[in-house]
Amino acid sequence: MTIQRTFSIIKPDAVKRNLEGKILSFLQEAKFNIVALKKMQFSKELAEKFYEVHKERPFYNDLCAFMSSGPVVSSVLEKENAILDYRTIMGATNPKDANCGTIRNLYAISIDENSVHGSDSEENARIEMNLIFAQSEILP
Ligand code: ATP
Ligand code: MG
(Lines give C-alpha, C1' and ligand atoms only; values in the text may rest on other atoms or scores of the structure.)
(Ligands and ions follow the chains in the order given, each with its own letter.)
Protein backbone atom coordinates (compact mmCIF):
# COMPACT_ATOMS: atom_id res chain seq x y z
CA MET A 1 0.00 0.00 0.00
CA THR A 2 1.38 3.40 -0.98
CA ILE A 3 1.70 6.47 1.21
CA GLN A 4 -1.23 8.84 0.68
CA ARG A 5 -2.25 12.28 1.86
CA THR A 6 -5.73 13.32 2.90
CA PHE A 7 -7.28 16.60 3.97
CA SER A 8 -8.95 17.00 7.37
CA ILE A 9 -10.96 19.69 9.12
CA ILE A 10 -11.75 19.78 12.81
CA LYS A 11 -15.10 21.56 12.50
CA PRO A 12 -16.43 24.58 14.49
CA ASP A 13 -18.44 22.47 16.98
CA ALA A 14 -15.29 20.60 18.07
CA VAL A 15 -13.02 23.65 18.17
CA LYS A 16 -15.67 25.51 20.20
CA ARG A 17 -15.50 22.70 22.79
CA ASN A 18 -11.66 22.82 22.85
CA LEU A 19 -11.40 19.34 21.34
CA GLU A 20 -8.73 20.07 18.71
CA GLY A 21 -5.87 18.87 20.93
CA LYS A 22 -7.67 15.59 21.73
CA ILE A 23 -8.56 14.98 18.07
CA LEU A 24 -5.04 15.77 16.79
CA SER A 25 -3.61 13.44 19.42
CA PHE A 26 -6.12 10.72 18.37
CA LEU A 27 -4.89 11.13 14.78
CA GLN A 28 -1.23 10.88 15.78
CA GLU A 29 -1.94 7.77 17.84
CA ALA A 30 -3.59 6.30 14.74
CA LYS A 31 -0.20 6.84 12.97
CA PHE A 32 -1.19 9.82 10.82
CA ASN A 33 1.71 12.20 10.21
CA ILE A 34 0.59 15.87 10.24
CA VAL A 35 2.29 17.51 7.23
CA ALA A 36 0.31 20.79 7.30
CA LEU A 37 -1.73 22.44 10.05
CA LYS A 38 -3.58 25.71 10.62
CA LYS A 39 -6.30 27.22 12.76
CA MET A 40 -8.48 29.49 10.65
CA GLN A 41 -12.06 30.61 10.04
CA PHE A 42 -13.81 29.89 6.75
CA SER A 43 -15.63 32.79 5.14
CA LYS A 44 -19.14 31.94 3.90
CA GLU A 45 -17.75 32.13 0.35
CA LEU A 46 -14.94 29.68 1.08
CA ALA A 47 -17.39 27.24 2.74
CA GLU A 48 -19.66 27.49 -0.33
CA LYS A 49 -16.73 26.71 -2.62
CA PHE A 50 -15.48 23.89 -0.40
CA TYR A 51 -18.85 22.12 -0.31
CA GLU A 52 -19.85 23.05 -3.89
CA VAL A 53 -20.59 19.37 -4.70
CA HIS A 54 -23.53 19.59 -2.28
CA LYS A 55 -24.93 22.82 -3.82
CA GLU A 56 -28.23 21.23 -4.79
CA ARG A 57 -28.79 19.44 -1.46
CA PRO A 58 -31.38 20.81 1.00
CA PHE A 59 -28.78 21.07 3.78
CA TYR A 60 -26.25 23.13 1.71
CA ASN A 61 -27.06 26.58 3.20
CA ASP A 62 -27.05 25.34 6.79
CA LEU A 63 -23.82 23.41 6.15
CA CYS A 64 -22.05 26.50 4.77
CA ALA A 65 -23.37 28.71 7.60
CA PHE A 66 -22.14 26.17 10.17
CA MET A 67 -18.70 25.72 8.57
CA SER A 68 -18.12 29.49 8.63
CA SER A 69 -19.58 29.99 12.14
CA GLY A 70 -16.31 29.75 14.06
CA PRO A 71 -12.67 28.65 13.96
CA VAL A 72 -11.66 25.31 12.48
CA VAL A 73 -8.37 23.41 12.37
CA SER A 74 -7.38 22.29 8.88
CA SER A 75 -4.65 19.75 8.29
CA VAL A 76 -3.04 17.48 5.73
CA LEU A 77 -2.48 13.97 7.05
CA GLU A 78 -0.06 11.42 5.65
CA LYS A 79 -0.12 7.66 6.12
CA GLU A 80 -0.38 4.46 4.14
CA ASN A 81 -3.96 4.27 2.83
CA ALA A 82 -4.66 7.65 4.50
CA ILE A 83 -7.92 8.45 2.70
CA LEU A 84 -9.85 5.31 3.59
CA ASP A 85 -8.18 4.90 7.00
CA TYR A 86 -9.16 8.42 8.00
CA ARG A 87 -12.75 7.91 6.78
CA THR A 88 -12.82 4.75 8.93
CA ILE A 89 -11.65 6.43 12.14
CA MET A 90 -13.94 9.45 11.52
CA GLY A 91 -17.03 7.26 11.60
CA ALA A 92 -20.33 7.67 9.72
CA THR A 93 -21.66 11.13 8.80
CA ASN A 94 -24.50 10.76 11.32
CA PRO A 95 -22.93 10.10 14.76
CA LYS A 96 -25.92 7.87 15.58
CA ASP A 97 -24.55 5.46 12.97
CA ALA A 98 -20.86 5.91 13.81
CA ASN A 99 -18.98 2.84 15.05
CA CYS A 100 -17.90 2.79 18.67
CA GLY A 101 -14.53 4.48 19.25
CA THR A 102 -14.61 6.59 16.07
CA ILE A 103 -14.12 10.37 16.29
CA ARG A 104 -17.76 11.09 15.46
CA ASN A 105 -18.94 8.46 17.92
CA LEU A 106 -16.81 10.02 20.65
CA TYR A 107 -17.29 13.72 19.93
CA ALA A 108 -19.97 14.60 17.35
CA ILE A 109 -23.22 16.21 18.48
CA SER A 110 -25.45 15.60 15.44
CA ILE A 111 -25.35 15.05 11.66
CA ASP A 112 -24.87 18.82 11.26
CA GLU A 113 -22.32 19.28 14.03
CA ASN A 114 -20.28 16.20 13.31
CA SER A 115 -16.85 17.45 14.45
CA VAL A 116 -14.64 16.41 11.52
CA HIS A 117 -14.33 16.40 7.75
CA GLY A 118 -12.22 14.00 5.70
CA SER A 119 -11.67 13.80 1.94
CA ASP A 120 -13.49 10.96 0.19
CA SER A 121 -11.13 10.40 -2.77
CA GLU A 122 -7.58 11.12 -3.93
CA GLU A 123 -8.83 13.72 -6.37
CA ASN A 124 -10.91 15.53 -3.75
CA ALA A 125 -8.03 15.37 -1.25
CA ARG A 126 -5.81 17.17 -3.77
CA ILE A 127 -8.48 19.78 -4.59
CA GLU A 128 -9.31 20.43 -0.93
CA MET A 129 -5.74 20.71 0.38
CA ASN A 130 -4.85 23.09 -2.47
CA LEU A 131 -7.89 25.23 -1.72
CA ILE A 132 -6.88 25.70 1.92
CA PHE A 133 -3.07 25.53 1.92
CA ALA A 134 -0.42 27.24 -0.18
CA GLN A 135 2.19 24.79 -1.49
CA SER A 136 4.74 26.41 0.87
CA GLU A 137 2.57 25.51 3.91
CA ILE A 138 2.63 21.76 3.18
CA LEU A 139 5.74 19.75 4.06
CA PRO A 140 7.38 18.13 1.03
P1 ATP B 1 -17.69 15.64 5.34
O2 ATP B 1 -17.70 15.93 3.86
O3 ATP B 1 -18.00 16.86 6.16
O4 ATP B 1 -16.46 14.92 5.76
P5 ATP B 1 -19.24 13.28 4.93
O6 ATP B 1 -18.33 13.06 3.76
O7 ATP B 1 -19.33 12.21 5.97
O8 ATP B 1 -18.88 14.62 5.67
P9 ATP B 1 -21.16 14.36 3.08
O10 ATP B 1 -22.18 13.53 2.42
O11 ATP B 1 -19.97 14.82 2.28
O12 ATP B 1 -20.71 13.60 4.41
O13 ATP B 1 -21.91 15.63 3.66
C14 ATP B 1 -21.20 16.80 4.04
C15 ATP B 1 -21.79 17.33 5.33
O16 ATP B 1 -23.14 17.72 5.08
C17 ATP B 1 -21.88 16.27 6.45
O18 ATP B 1 -20.70 16.23 7.22
C19 ATP B 1 -23.08 16.73 7.23
O20 ATP B 1 -22.72 17.68 8.22
C21 ATP B 1 -23.95 17.38 6.19
N22 ATP B 1 -24.98 16.43 5.77
C23 ATP B 1 -24.83 15.37 4.97
N24 ATP B 1 -25.99 14.70 4.79
C25 ATP B 1 -26.91 15.38 5.50
C26 ATP B 1 -28.28 15.22 5.74
N27 ATP B 1 -28.98 14.21 5.20
N28 ATP B 1 -28.90 16.12 6.54
C29 ATP B 1 -28.23 17.13 7.10
N30 ATP B 1 -26.90 17.35 6.92
C31 ATP B 1 -26.25 16.49 6.13
MG1 MG C 1 -17.92 14.54 2.30
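Percent of accessible area on region 1-73 owned by carbon and sulfur, 1.4 Å probe?
Details: 2090 of 4050 Å².
Accessible surface attributable to carbon and sulfur in region 1-73 totals 52 percent.
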For region 17-69 versus region 103-140, the gap between their alpha-carbon centres in whole angstrom: 6 Å
Cα-based Kirkwood hydrodynamic radius, the chain, one decimal, Å: 15.0 Å
Estimated FRET transfer efficiency (ALA30, GLU123; beta-carbon r; R0 30 Å; 0.05): 0.80
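Rounded to the nearest 500, what is the 222 nm mean residue ellipticity of the chain from helices alone, with -39500 (n - 2.57) per DSSP H run of 4+ residues and division by all residues? Walk me through the intermediate numbers first.
Working: 7 runs with 55 residues, N = 140.
Result for the chain, helices only: -10500 deg cm²/dmol.
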Within region 1-93, GluC sites (Glu not before Pro) in DSSP loop having at most 14 other beta-carbon neighbours inside 10 Å: GLU56
Whole-Hz couplings from phi, Karplus 6.51/-1.76/1.60, listed for region 66-78; x for Gly and Pro: 5, 5, 9, 7, x, x, 10, 10, 9, 8, 10, 10, 10
Reach of LYS38 by Cα under 19 Å, taken over aspartates and glutamates that are not fewer than 8 positions away in the same chain: ASP13, GLU20, GLU78, GLU128, GLU137
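Restricting attention to region 26-72, which chymotrypsin sites (Phe, Trp or Tyr not before Pro) occupy a DSSP loop and are surrounded by at most 13 other Cβ atoms within 10 Å?
Taking region 26-72 and a limit of 13 other Cβ atoms within 10 Å, the loop chymotrypsin sites (Phe, Trp or Tyr not before Pro) found are PHE59.
Given R₀ = 41 Å, FRET efficiency for LYS96-LEU139 by Cβ-Cβ distance, to 0.05? If you can, show how the numbers build up before the last one.
On the way: r = 36 Å, r/R0 = 0.89.
Result of the calculation: an efficiency of 0.65.
Counting only heavy atoms of the protein chains, get the accessible area per residue of region 3-132 (1.4 Å probe) and round it to a whole Å² value.
Numbers: 6650 Å² over 130 residues.
Accessible area per residue: 51 Å².
The values are calculated or read from the model by the stated rules, or taken from the named source; none is laboratory data. Since the structure is predicted, the reported quantities are computational estimates derived from the model, not experimental observations. Don't worry about glycine lacking a Cβ; one is built from the backbone with ideal geometry, like all the others, and counts go over all protein chains shown. With ligands, DNA and RNA removed, areas are computed over all heavy atoms of the protein, side chains included. Shrake-Rupley method; radii C 1.70, N 1.55, O 1.52, S 1.80 Å.
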